[in-house]
Amino acid sequence: MKTLNLHCDYIKFKALKKALKSIDEIAPNQKLEDESKDCLVVMVAIENEDSKETLKKLIEDIKKTAANVKTENIVLYPYAHLSTNLGKPKIAVQMLNEATKLLKKFNVIQAPFGYYKTFELKVKGHPLSELSREFTVDGNTVIEEELTDDERSQLLHQLQKSKLDTSKIKENDHRIIGRKMDLWSFNSSAPGMVFWHAKGLHIKNKLIEYWRELHRINGYSEISTPQILDKKLWEISGHWSKFREGMFTTEYENRDFAIKPMNCPGGMLVYKTSPKSYRDLPLRLCELGEVHRKELSGVLGGLMRVIQFTQDDAHIFCTEETLKNEIEKIIDITIELFSTFDIKIDHIELSTRPKKRIGSKKIWDLAETALEEVLKERKIKYITNKGDGAFYGPKIDFHIKDSLNRTWQCSTIQLDMALPERFELEYTDEKGNSKRPIILHRVIYGSIERFLGIYTEHIDGKFPLWLSPNQINVMTMNDNIKNYASKIYQKLFDAGFEVEFNDKNESIGKKARDAQIQRFNYLVTIGKKEKTENKIAIRARNSKEITTIDLDEFISKLKEEISSKKDL
Ligand SMILES: [Zn+2]
């Protein structure tokens, strides 16, 4: 069904003569000649595949448009010229009559079907006064019925099948640690996407908190851009032609959209919202972007290979003059971030100009030597991959090494001379000339999910206190000191620590073993002696030594350990 909605000051129409022989009567609400004022004229062509479903869509659309333009007068105007696939006249007449019935709350006039007509109208000319529509029904318009209990139970069973097969993975795999510590889980209903449990999310949030602080002091401003963006934007950025296979798409009001696989286009639009001068540069916009990229389900694995992930992205808009300094700054932040986690940067790979490229030789020289010089000055071991750079700029990748001697690529810095061109980004230089900025795309964690997977295995789930979701476990020796122990627990909780209280009727040995599996940083034992002395007995995760100390002393020690981000 095709329609054209016209919001008119008036319409006058008159039937001239029959166009179809089969038309023999005029329906009660049809007029051979009429005039309507301040009305919504719905020109409509009923097509072959039209059914009750399409009629329903038509009615919904008319109601919505009438409400938007605030009119109660509807003129249903059969208009065959909208389609080359017209439906049978008999059915079309039935549908128009049915439409009139369904619109009974309005003043509906129906122009005659199957007649040559003359008409005169005046369209109001506001943005909603002319709307064309096409209503189709997909093959599968079967109305979904509620499942029976059995069917529902079967579906649930199917979704639960994705249980982790632990027989093939090592004890220190982050999926096993994650399960023991109740950090995260995965389910086949969302392939490659993480279900963050409270404790896992706690760690992720702490990683983000630290990242934000690091970026704040390094002159970044954090932004956030939408998840779903018009296909046109991806065509401009070039992702649509190169990366379409990897993108999830959706549609809305007959427009195509993609769920972002990268944050760049959003960042470009933010840059463009106001004119920029050399004084605004370098502009460092960082974004924790949730991105989705299609991966074959067979290659998905825990946090290491996912479909949905959080990129700790940033786009730095700078000039040729500030380029080197910006690269230096990114390398320094990267080194600082990894040293906080006691992770060594194993080596760096520098990919240089390929044969096919854009941009002037001057900028390529500048960019490559800047990258190289900084690496030399910082005495960082690097490998040059000659000719492996992207056509729009050279890139450096950081490779880290974990405790299991595996190397991983996390951080990258990608120089880009293409995107500023594609998005027509500009700034005004000192002389008032308009110039294109250079962009540096960069990530440090890379994907927070993947980083956390690697890191969890690197430390075997023994998170340092500042990240730990299991900081302190307060255990009672017996029931007589329960009150005293619960006061200790409450004080630690009120001081903001991740603390749990175990007053179960179990041996202290069992309680301690459970807490160790959960990798608690500190075990606090309370017995008769501690109560009498008004103290607590503590044992650090990596120590066999038990010390009896004052609660306040313990709290200040914990605070110190958290702010230093190192185990004390
Ligand atoms: Zn980017």
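What follows draws every value from the coordinates through simple rules; no lab data is involved. Since the model is a prediction, treat every value here as computed from it, not as a measurement. Note that we place each Cβ from the backbone using ideal geometry, even for glycine, and neighbour counts take in every protein chain shown.
How much mean residue ellipticity at 222 nm does the chain get from its helices, if each DSSP H run of length 4 or more adds -39500 (n - 2.57) and you divide by all residues, to the nearest 500 deg cm²/dmol?
So the calculated ellipticity at 222 nm is -10000 deg cm²/dmol.
So how tilted is helix 52-69 from the main axis of the chain? Cα-based, degrees 0 to 90, rounded to 10. Tilt of helix 52-69: around 90 degrees. Compared with the dominant principal axis of the Cα atoms in the chain, helix 508-517 is inclined by about 50°. Along each principal axis, taking the top coordinate minus the bottom one, the Cα set of the range 392-529 gives 80, 37, 20 Å in descending order.
Distant-in-sequence amide contacts of residue 222, defined by a placed amide H-H separation under 5 Å and a gap of 5 or more residues or a different chain, comprise 286. Full extension of the chain between residue 212 and residue 279 gives 21.7 nm of extra length, using 0.36 nm per residue less the Cα-Cα distance.
Counting only aspartates and glutamates at least 8 places from residue 381 when in the same chain, those with an alpha carbon closer than 19 Å to its own are 328, 332, 336, 342, 346, 349, 368, 372, 373, 397, 402.
3J(HN,Hα) along the range 522-530, derived from phi through the Karplus expression 6.51 cos²θ - 1.76 cosθ + 1.60 where θ = phi - 60°, amounts to 9, 9, 10, 10, 10, x, 4, 4, 4 Hz, with x in place of Gly and Pro. Phi angles across the range 33-45 convert, under the Karplus curve 6.51 cos²θ - 1.76 cosθ + 1.60 with θ = phi - 60°, into 3J(HN,Hα) values of 8, 6, 9, 9, 10, 6, 10, 9, 8, 10, 6, 9, 10 Hz, Gly and Pro given as x. Among 435-443, 342-350, sorting by the average number of other beta carbon atoms lying within 10 angstrom of each residue, highest first, gives 435-443, 342-350.
Straight-line cross-link partners of residue 242 among the lysines, defined as a Cα under 17 Å from its Cα and at least 8 positions apart when in the same chain: 231, 232, 260, 294, 356. Put simply, the amide H of residue 385, placed in the peptide plane, has neighbours under 5 Å in 350, 351, 352, leaving out anything fewer than 5 places away on its chain. DSSP bridge analysis restricted to the chain gives an antiparallel fraction near 75%, rounded to the nearest 5.
The order of the peptides 490-496, 502-508 by mean Cβ neighbours within 10 Å, most packed first, is 490-496, 502-508. Here the chain is assigned +1 on the Cβ of each Lys and Arg and -1 on the Cβ of each Asp and Glu. Its dipole about the Cα centre then comes out at about 380 debye.
Order of 415, 128, 467 from fewest to most other C-beta atoms within 10 Å?
Numbers: 415 29, 128 12, 467 23.
By the 10 Å Cβ count, ascending, the order reads 128, 467, 415.
Expressed per residue, the C-alpha convex hull volume of the range 2-134 stands at 95 Å³.
Principal-axis analysis of the Cα atoms of the chain puts helix 89-102 at an angle of about 60° to the longest axis.
The aspartates and glutamates whose alpha-carbon is closer than 16 Å to the alpha-carbon of residue 431, local same-chain residues fewer than 8 away aside, are 280, 320, 321.
Sort 221-232, 545-556, 394-405 by the packing proxy (mean of other Cβ within 10 Å over each peptide's residues), most packed first.
Result, highest mean first: 394-405, 221-232, 545-556.
By the count of neighbouring beta-carbon atoms within 10 Å, fewest first, 124, 386 end up ordered 386, 124. In order along the range 284-289, phi translates into HN-Hα couplings of 10, 9, 10, 8, 8, x Hz, rounded to whole numbers, per the Karplus curve 6.51 cos²θ - 1.76 cosθ + 1.60 with θ = phi - 60° and x for Gly and Pro. Rg and Dmax, both from the Cα atoms of the chain and both in Å, are 33.6, 108.
Arrange 77, 382 by Cβ neighbour counts within 10 Å, fewest through most, would you? Intermediate results must be reported in sequence, preceding the final value.
Working: 77 23, 382 19.
With the fewest neighbours first, 77, 382 line up as 382, 77.
For residue 47, the amide hydrogen comes within under 5 Å of the amide hydrogens of 2, 87, counting only partners 5 or more places away or on other chains and with H modelled in the peptide plane.
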